[in-house]
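Here's the structure, in structure tokens; my notes come after.
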Amino acid sequence: MSLKHRPRRLRRSATIRDLVQETQLTADDFVYPVFVHEGNASEDIKAMPGQKRHSLKDLAATIKEASKLGVKSFAIFPAIPESKKDSMATESTNPNGLVPKTIEAIKSIDNELCVITDVAMDPFSSDGHDGIVKEGQIINDETLEVLAAMALTQADAGADFVAPSDMMDGRVKYIRKKLDKADCSHVGIISYTAKYASAYYGPFREALDSAPKFGDKKTYQMNPANRREAIFEAKLDFHEGADVMMVKPALAYLDIISELKRRFPIPVACYNVSGEYSMIKAAAKAGLIDEDKVILETLMGMKRAGADMIFTYHAVEAAKLLRATT
Ligand code: PBG
């Protein structure tokens, strides 16, 4: 039969398939989120098989292994003991606290490594919320000062990017101003622009013991049903001075990644969150899927949707897999 178009012609051999492949996934797309704690020994995180709460001592080995494989960007998440938490997240601005120490530890391995810090009160807050709580409400405007002070502490310690994940209104502008005033105009802001109130964060909250002590996060994180609202959030962040905008979670929000990529001229990040990671681990353990292939297909989907960078707990194993297949 004569057919003008036969798409299968471009799938005939691996060489041809590679030649016409539209999207390439590489280790330098990845940001590896690492958990740290003050203890002397690392602890396995039960809800996230393969991930650890690192002691500062053990962290170096993880960072070196990752960077050898081409993963050179890291996002830091601290597990803070309950005794250091209070309602104002005071520990988050301690210049000798766990986060500044971790930044310095990573930078001392290689100053070229990119360090990204999370800006939100929850790991440091006795209420487990991302903002200041007053009479059961999360107070927006007073929280901004805490977030900006936290961001400045991280910038002073050498962070390349601060990444506000709190979803308070106006925080990008507030943080940008504070950083610029303090001679930190070189420090960038990766804004969690469209962060949804998601059940996929469950394992992460176990890892940090940071679940809200009451209620939920729906008065600040977005409703998973909304797309236009994400575009609105993105407009605000863009005009407030975000360098990168993030969509989180990733897998159930690929349409949002595409929208932001199409509409805005700055890089788009996505966060392949803890629940997405742990689902693959659980399915693989149960013998239900080919883990390696599912990991790469999942990350490729995020890249194809438009993500310029992918925060993922799979970063190291995916980098190994990419080495093996190329
Ligand atoms: C805290 C924060 C959360 C995550 C990153 N920063 C949890 C939350 O908002 O409750 C989730 C990451 C993950 O699930 O992997 N502001």
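The single condition among (1) within 16 Å of the ligand (Cβ to nearest atom); (2) surrounded by fewer than 22 Cβ atoms within 10 Å (Cβ to Cβ); (3) in contact (Cβ under 8 Å) with a residue 24 or more places away in the chain that P78 does not meet is (2). Screening S67 with (1) outside any loop (DSSP other than H, G, I, E, B); (2) modelled with pLDDT under 95; (3) surrounded by 13 or more Cβ atoms within 10 Å (Cβ to Cβ) gives one miss only, at (2).
For the range 138-222, the helices (runs of 4 or more DSSP H) that sit wholly inside it and include 3 or more residues that are surrounded by fewer than 21 Cβ atoms within 10 Å (Cβ to Cβ) and more than 12 Å from the ligand (Cβ to nearest atom) are 140-156, 171-181.
Yes or no, residue by residue, for (1) among the small types (G, A, S); (2) more than 23 Å from A75 (Cα to Cα):
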| position | (1), (2) |
| --- | --- |
| L251 | no, no |
| P267 | no, no |
| A284 | yes, yes |
| L288 | no, yes |
| K293 | no, yes |
| M300 | no, no |
| R304 | no, no |
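Scanning the range 257-298 for residues that are within 16 Å of the ligand (Cβ to nearest atom), in contact (Cβ under 8 Å) with a residue 60 or more places away in the chain and either in contact with a helix residue (DSSP H, G or I) (Cβ under 6 Å, 6 or more places away or on another chain) or of a type in the set (S, T, N, Q) (or both) gives V273, S274, G275, E276, S278. Scanning the range 15-51 for residues that are under 20 Å from K303 (Cβ atoms) and open to solvent by less than 60 Å² (accessible area, probe 1.4 Å) turns up T23, L25, T26, A27, D29, F30, V31, Y32, P33.
The criterion of at least 2 residues that are closer than 16 Å to D28 by Cβ, among the hydrophobic types (A, V, I, L, M, F, W, C) and open to solvent by 10 Å² or more (accessible area, probe 1.4 Å) is met by none of the strands (runs of 3 or more DSSP E) falling completely within the range 237-326.
Per-residue answers, yes or no, for (1) touching a residue at least 12 places away in the same chain (Cβ under 8 Å); (2) among the polar types (S, T, N, Q):
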site	(1), (2)
T102	yes, yes
S108	no, yes
N111	no, yes
M121	yes, no
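The values are calculated or read from the model by the stated rules, or taken from the named source; none is laboratory data. This structure is a prediction, so every number in the text was calculated from the model and none was measured. No Cβ is skipped: glycine too gets one built from the backbone with ideal geometry, and neighbour counts run over all protein chains shown. These area figures cover heavy atoms from the full protein model, side chains too; ligands, DNA and RNA do not enter into them. Shrake-Rupley method; radii C 1.70, N 1.55, O 1.52, S 1.80 Å.
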